[in-house]
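The values are calculated or read from the model by the stated rules, or taken from the named source; none is laboratory data. It should be emphasised that the depicted structure is a prediction, and the values quoted were computed from it without experimental measurement. Every residue, glycine among them, receives a Cβ derived from its backbone with ideal geometry; neighbour counts consider all protein chains shown. Only protein heavy atoms, including side chains, enter the accessible area calculation; ligands, DNA and RNA are left aside. Shrake-Rupley method; radii C 1.70, N 1.55, O 1.52, S 1.80 Å.
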Amino acid sequence: MRRTAVAATALALCATLAATSCSSSSSSSKGGGTFTAILTQIDSKAPINPYNQSTNSFRGYNAMMLGWSKNTATDPNKFYPAIAKSWELSPDGTKLTVHIQPNAKWSDGKPVTGDDLKLSAAVAYAEGGSAFAAIPGTAGGTVDVKVIDDKTVEFDQNATKPLNTWFANVMTMYVLPAHVWSAQVPSDIWDTIHTALTGSAADAKTAQDTITALGKKLIGWGPDKDVSAGPFTLTRVTTSEALLTKNKNFYDADKIAPSQVVIKNYQDNSTIVNLLLKGEIDGSVYVAVSQSQLDKILAVKGNQVVSGASPVQASLVFNESKKPFDNVHVRRGLAYLIDRAQVTKVGESSSGKASPYPAGLTAAQIQGWGVSTSGLNAYSVDTAKAATEFQQAGLKQAGGKWTLPDGKPFTVPIQTTSDFNDWTSGASNVAAQLQAAGVDAKVTASSDYATYLADLAAGKFTVSWWLTALGPSAYNIYQRLYGAANGWTLGTGGGVAHSAAGQSGNWMGEAESADVSGLGTVNPGELTNQLSQVPPDQQKQIVAKLAAFTNDQVPAIAMWDYVNQNFVNTNRFTGFPPNDADVLRQPQGVWMQLGYIKAKAK
Amino acid sequence: MVTAVEIPTGNTPALTPARRGFWRNLWRVLRRKPTRVAGAVIVALFVVMGVVGPFLYPANLPTDPGNAYAGPSGSHLLGTDFQGTDVLALLVTGSRYVLVAAVIAAACTVVVGTGIGLYAGYRRGGPDSVLMRITDFIITIPGLPLLLVLSTLWKYSNPLTMGLVLGVTGWGSVARAVRSQTLSLRERGFIEAARGLGLSTAHVVRKELLPNVAPYVAMNLLISVTVYIYLEVGLFFLGVLPFNENNWGVMISQAVQNGVTQTGQGLAYLLSPLVAILLLTLGIVLLVDAMDEVFNPRLRED
Amino acid sequence: MTAATQATTSTAAAAPPAVTIRDLTIVYRTPAGELPAVSGVDLDLPPGTITGLVGESGSGKSTLALSLLGAVQRPGRIAAGSIHVDGLGNLVELSAKSLQEARGGEIGYVFQAAQNSLNPLKTVGKQLLDLGRSHGVRDRTALVRSAKELLAGMGLDAARVLDSYQHELSGGMRQRVGIMFALVLNAHVLVLDEPTTALDMISQANVLKIVRAVHTERGLTTLLVTHDIGVVAEVAERIAVMYGGVVVEQGETADVLRAPKHPYARALINAIPRVSGDLSAARPLPGRPPTLGTIPTRGCVFRERCAVYAERQLPACVAEQPPLAPVADGSGRLVACHAVAVEDQQATGETA
Amino acid sequence: MRNLLVRLAGHLVRALVMIWVVATFTFFLIRLMPGDPVAAQYEKLVQQGMSPDAARNATRLTYGFLPTGSGWDQYVHYLWRLLHFDFGRSTQTLGVNASAEVLTGAKWTIGLVLAGILISFALGTVLGVIAAIRRSSGVGDALTITGSLFHAIPQFVMALVLITVFTVIWPVFPTDGNVDILVDPGFNGPYVASLVSHASLPALAYALSMFGSYLLTMRSSVISVLGDDFVLAAELRGLTRTMRLRYIARNALLPLFTIFALTIGFMFGGAVFIEKAFNYPGMGITLINSIGHRDYSTMNATFLLITAAVIVANIVADLLYTAIDPRVRRGGEAVA
């Protein structure tokens, strides 16, 4: 559609310019194989450097990792092969041997070798890869990288403080072309890294500073011309689009159907929806749309939704340092008053599902971790139960309005930000529902997300939106509720310390522990911290305990689980992954590498 | 030698017609064209809406959650919004914030602008150049970007603060125009003459200067109202303003964000505030047209 | 104070044209309907004379002057009457094209507020060329040459003036430039609208001297519109006094100034303080001059300010506007006054 | 000529002072803004699905680009760098020069603004002359009211209307961006056509929202010139109608230069609305993004650039005015 639109307006000009040049260019773009995708950020000024947040190195297209995570709810260590064709992890989990794809070549024809991986690791130290910290004794840190041969590399973890997340963190290392990057990296970089990790305190400090300075220099750098080991190379980029061309040297080039990919910038929701309405998008990332937009989009020929669970949940979190929200009965009472299905319908009708239980987990996570739902309270709307809870908290009802014990009105300001429409709409619906139930609720909005976060951090809120259940790892999930935002910070010895509300970044202000019938006294922060250290079967028990605790104490009322909703169009390509496929949580470039997305027979 | 003798002439400068019988004049000019009467009526209606409107819906707005994005119907004259709230109710209750903020901003602009312009033009010399440098600064600094930054700093919790912030950023051109008008009145000897008669500064400013800049100021007040409504609503449209109460800007912003422009569903929801704004503008434009004729007889039709 | 009035008819140029205005009525459209600014005026400009047209502002004298170029500005229009110029015919009936050619061609006009009669953004020379182009002048060099001659004749540095913008010229210079523009295309009828207003004394005298000189040299028929009787006294052979849109007295300048007949003319002339006379003898005219809306529609237009009417209350003054009629003394003077007519009748009655 | 140079020198001095004042003002204003760029980045990444650990690592380097030291030190440092045209590094596109960030956007904004101004100026002045000459007829009235209305319709409303009409109802124009990525860049037909078709709607939105004020100003300017004596004088000298219209137009255009400069400032400011609506990657978008990311360097640079544009526009307008109006150009000294 869009191509014709351009051609239509171009017609007049073409007539006066050169008719031939017009037709030739449109045929070149036809080719049959342009796949149009959407990514969150494109920036024409950005370097081709995957570590820069504004980058022209797009994961799965022209940026490659060792492997692609399956992002499974319970096991973060499941990976699809990428640059690493296969790997072995030692039983204690501290030694990883990676075998590079034998056919892997850079787009300029040079093979991908162990040296590339070694240099990539060095850059990761400088730029902040998760498993690569140039600080001695870092738990879950890589201490050495050894090139065994051209196609084999060994990674070693700090054996004294191993973490179960290390493997995943190494596998998600970006692989960079050594022959392009080595000019930017000092040849003695590995000596510096070793000094930083094992040298004397003073030497280590100097070495760390050198590495930090290198990182600062490298972050803004990128090669002028893209050299990629992925299925595509970057051809050019404008401020709102990027054009990638198929890399003939890619090791699995046969699997890649499109001859080129256009990536659109997800600058603005309405633009994306417009493109979807024109059927121009072959594959999108998650796009938030209203129900009416969804209906319209799906009415367009070829448009389909492929969706899967997403480890993200929108919750209303309480500032428990404010009265009466420190009282669990007030929180429960409010939970009983809000019809979450209705809020979801208003706020996130198409790509959200009302959360079944406020437990800090999405429905999929509850299932994945095998949490028994029989013990969980669904907090279905029940004004009688709400009244009981409120009365237990000492609230009074007068003339249909709830008041505080001292007779002052019970007000519930709900903080949202103008940046996110689903939150704003949802918040006004919650407010409307609470008002109808005699609770004086109102919506207040921070002007933008940065201000919102600052307001939260400064405790300038009462009830606010917060993303919870951010997985996939269990630690990550509960760290959102029982982490730094709630006062639990990692101590030096691997344990956690709790600081009081309003201090050290504690803005939720929950008590350090609470008694829960059937569980006893629970310190959720400590339990959460254990999640990063124990093996999977123990994690399950902890998750169950934390779910029960959260469901009982209601530090947050989960409103909806986001649905990872990818729009695809089958007019030009077919063979998209099925619903709930784990690959949906990776970009479409990865789908192609794994054999999905085929050109449609003409 | 020729003795120049002036026959006493009745040649008065066309400067002062506004001073007497402004209202009578306005009414006469209004009556000349039905469109102008319509303009006055529209403006009056909106004023009534802003004053009385919110009292019509003291409790919760009528909402019909099962019937979102509805078109106009008997039960919802202007349809419903994304959560089924009655658009007419939103429109009426949302008028006050927008109108009050715009009027405050316009008043602020006019008062500050006129004050500074008069003072600078009257005093000349040092105070003048200091004030004019400040004015230049206000004019030069890009207003909208400034508001964007200010919107993160301020809590526009009520129309008063909103209006003040808008007004504070917008008085520059009024000040400059009033100053140059004052200077030209000076040149025509108004001030010297008045002072020669031993009149006090306050008197000169109040009786001689103010009435002469009043027409310009009055029209600017009206026009500023429309400008500020747009600015305000525009900021909401950009989604950079936090909102605490329902208003037209929030309606537009929500309608656009919920995809009304793309799906056409709930068009009444998007169009109602837009049309309300355009209608109010039209009213003000027509009224200004009439005032223009009262104040500038030169523009008067033959 | 002498009225220098040698009516020397130039023999060099073609005979100056006569201008005859008959029953001219010019009305302005106002919200209150069409109101006359000039009503039923008869005026003759004998060939080769300078006629002074005096009156207060609002008397219709400027409108009358504009009508001589067929250029009454909207919302005014010529409602009735004729303006006959020798060689052009009746201006009222001329086509727009012929009128445009006549303006600046046969009829030159020197503008009232002389200081703003030039386009501020163009030099005098450029505007001269524009003038030539508008009138289809082929020979530009000749045009410039005659402009330079005219300017030099008026005592100006011609080359420099042509290269100047309006704001670089003094008031007196601008007025001379205005005269140059009016005459450079060999006009034979010259209309001067307040040519000396806003000039200093010396400039006034110079301009008047020039007016007299060019009038004589080029054999013109000139109408000089002014509110300044001194100016008329200085240069005009004939004078016409206007009030409220009608000519109330007309005659030889010397006669009229010596013994004005119409009460208004008398009041006007009495209002002038004589250089030699007693200041207290100068009596200002009471009341305000009428505007379009306040001109009496019935009876004598001057009635309300008329000392004679105040004294004698003639019924005719209320009933109708007196016609402009010759006075009995045989001087050829015309006066529009019931009282004068009555006196004349009485006088003739007495002599008869 | 000397006159012109003296004027120019005066302008430059005042411009520099103004830029310093604005630079100082924005420096402190921006530092008063709530929110921390790193926190915002972190949460955005997390919201996009990055794990907290990865997000924390990804944002760690940003700290290195935040200014350190006391407010005064930062200010002095900032001014010192400004003297060298160094606007600092962006934290949004980490490590990239803020000036590059802003100039990339500016290029597109300037193109749109110029196109918008040209169209609106042509449309506004022509219609303004008609409205003035026909001011007592229905045509004149209609033009005046239309002008006032269009003048009053805000840019974002205009943009919304154009988008709805020309990209949704009757999709003849592309909706977003500045050029079609598939077209080979360079000076060739398709590329230019793509640029033009992408710029059409936003430029039209500018033009439609601006021509009203040109129309109204031109109208009252023409009416005022029509009352000037020299116009009547020209008629009485028998100048042809065309000649007289030319006199009127040239004189009436003078006051427009003043509003021309104001307009440019207004347009650069208004770029935010139009670029946001059309997703056109100009300075307005850069500004919004930099505010959202709390990218201080880029915000500062954008502010300064917009201010500089307004100042330069003012100077250019004044110099043009000087060049056209001999009263200013050649001073007031009389010949004799």
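The set of residues in region B:292-302 that are at pLDDT 70 or above and either over 21 Å from B:P34 (Cα atoms) or buried (at least 21 other Cβ atoms within 10 Å of the Cβ) (or both) comprises B:E293, B:V294.
This table checks each residue for (1) at pLDDT 90 or above; (2) within 11 Å of chain D (Cβ to nearest Cβ); (3) farther than 27 Å from D:L182 by Cα.
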{"site": "A:N158", "(1), (2), (3)": "no, no, yes"}
{"site": "A:N169", "(1), (2), (3)": "no, yes, yes"}
{"site": "A:H179", "(1), (2), (3)": "yes, no, yes"}
{"site": "A:W190", "(1), (2), (3)": "yes, no, yes"}
{"site": "A:T206", "(1), (2), (3)": "yes, no, yes"}
{"site": "A:K216", "(1), (2), (3)": "no, yes, yes"}
{"site": "A:V227", "(1), (2), (3)": "yes, no, no"}
{"site": "A:L244", "(1), (2), (3)": "yes, yes, no"}
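Evaluating A:K442 against the criteria (1) surrounded by fewer than 24 Cβ atoms within 10 Å (Cβ to Cβ); (2) more than 10 Å from every other protein chain (Cβ to nearest Cβ) leaves one unmet condition, (2). The residue of region B:151-175 that is nearest to the other protein chains (Cβ to nearest Cβ), among those that are closer than 26 Å to D:R14 by Cα and surrounded by fewer than 21 Cβ atoms within 10 Å (Cβ to Cβ), is B:S173. Taking the conditions exactly as written (touching a residue at least 60 places away in the same chain (Cβ under 8 Å) and not in a helix (DSSP H, G or I)), does D:D176 satisfy them or not? Yes: the conditions hold for D:D176. Could we say that A:G279 is touching an Asp or Glu at 6+ places or on another chain (Cβ under 7 Å), of a type outside the set (S, T, N, Q) and open to solvent by less than 10 Å² (accessible area, probe 1.4 Å) here? Judged against the criteria, A:G279 is not a match. The one condition from (1) under 26 Å from the mean Cα position of the chain (by Cα); (2) assigned to a helix (DSSP H, G or I); (3) acidic (D, E) that D:D141 does not meet is (1). With respect to (1) at pLDDT below 90; (2) of a type outside the set (A, V, I, L, M, F, W, C); (3) part of a helix (DSSP H, G or I), the lone exception for A:K602 is condition (3).
Would you call C:A18 touching an Asp or Glu at 6+ places or on another chain (Cβ under 6 Å) and of a type in the set (A, V, I, L, M, F, W, C)? Against the criterion (touching an Asp or Glu at 6+ places or on another chain (Cβ under 6 Å) and of a type in the set (A, V, I, L, M, F, W, C)), C:A18 qualifies. Does region A:75-88 contain at least one residue that is of a type in the set (D, E) and under 25 Å from the mean Cα position of the chain (by Cα)? There is at least one residue in region A:75-88 that is of a type in the set (D, E) and under 25 Å from the mean Cα position of the chain (by Cα).
Per-residue answers, yes or no, for (1) at pLDDT 80 or above; (2) loosely packed, with under 13 Cβ neighbours inside 10 Å:
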{"site": "D:R2", "(1), (2)": "no, yes"}
{"site": "D:R7", "(1), (2)": "no, no"}
{"site": "D:H11", "(1), (2)": "yes, no"}
{"site": "D:L16", "(1), (2)": "yes, yes"}
{"site": "D:R56", "(1), (2)": "no, no"}
{"site": "D:V76", "(1), (2)": "yes, yes"}
{"site": "D:L83", "(1), (2)": "yes, yes"}
{"site": "D:A98", "(1), (2)": "yes, no"}
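Residues in region D:22-41 that are open to solvent by 20 Å² or more (accessible area, probe 1.4 Å), at the interface with another protein chain (Cβ under 10 Å from one of its Cβ atoms) and out of contact with any Asp or Glu (no Cβ under 9 Å at 6 or more places or on another chain): D:F25, D:L32, D:D36, D:A39. The residue list C:G178, C:G245, C:G230 contains one member that is open to solvent by less than 20 Å² (accessible area, probe 1.4 Å), at pLDDT below 90 and within 14 Å of chain B (Cβ to nearest Cβ), which is C:G230.
Which residues, counting only those in region A:340-388, are among the hydroxyl-bearing types (S, T, Y) and buried (at least 17 other Cβ atoms within 10 Å of the Cβ)? Residues satisfying the conditions are A:T344, A:S349, A:S350, A:S351, A:S355, A:Y357, A:T362, A:Y379.
Residues of region A:414-439 that are without any contact (Cβ under 8 Å) to a residue 40 or more places away in the chain and open to solvent by 20 Å² or more (accessible area, probe 1.4 Å): A:D419, A:A432, A:Q435, A:A436.
Does B:L241 qualify as being surrounded by 23 or more Cβ atoms within 10 Å (Cβ to Cβ), assigned to a loop (DSSP other than H, G, I, E, B) and more than 10 Å from chain D (Cβ to nearest Cβ)? Answer is yes for this residue.
Note on region A:565-586: residues that are in contact with a strand residue (DSSP E or B) (Cβ under 8 Å, 6 or more places away or on another chain) and open to solvent by 20 Å² or more (accessible area, probe 1.4 Å) total 10. Among the residues examined, D:L236 qualifies as without any contact (Cβ under 8 Å) to a residue 40 or more places away in the chain and open to solvent by less than 10 Å² (accessible area, probe 1.4 Å). Among the criteria (1) away from every other protein chain (no Cβ under 11 Å); (2) modelled with pLDDT of 80 or more; (3) open to solvent by less than 20 Å² (accessible area, probe 1.4 Å), the one B:F236 does not fulfil is (1). Against the list (1) closer than 30 Å to A:I272 by Cβ; (2) crowded, with 24+ Cβ neighbours inside 10 Å; (3) among the aliphatic types (A, V, I, L, M), the condition D:A252 fails is (1).
The set of residues in region C:103-140 that are aliphatic (A, V, I, L, M) and modelled with pLDDT of 90 or more comprises C:I107, C:V124, C:L128, C:L129, C:L131.
Checking each residue of region A:457-475 against the condition of being out of contact with any Cys (no Cβ under 9 Å at 6 or more places or on another chain), closer than 29 Å to A:F390 by Cα, hydroxyl-bearing (S, T, Y) and within 13 Å of another protein chain (Cβ to nearest Cβ) gives at least one match. Restricted to region A:217-266, and to residues there that are more than 24 Å from the chain's Cα centre (by Cα) and part of a helix (DSSP H, G or I), the residue that is nearest to A:W181 (Cα to Cα) is A:L218. Can you give me the ranges of the strands (runs of 3 or more DSSP E) entirely in region C:32-113 with at least 2 residues that are within 11 Å of chain D (Cβ to nearest Cβ)? Hits in region C:32-113: C:107-110.
The residue that is modelled with the highest pLDDT, counting only those in region D:113-138 that are assigned to a loop (DSSP other than H, G, I, E, B) and small (G, A, S), is D:S137.
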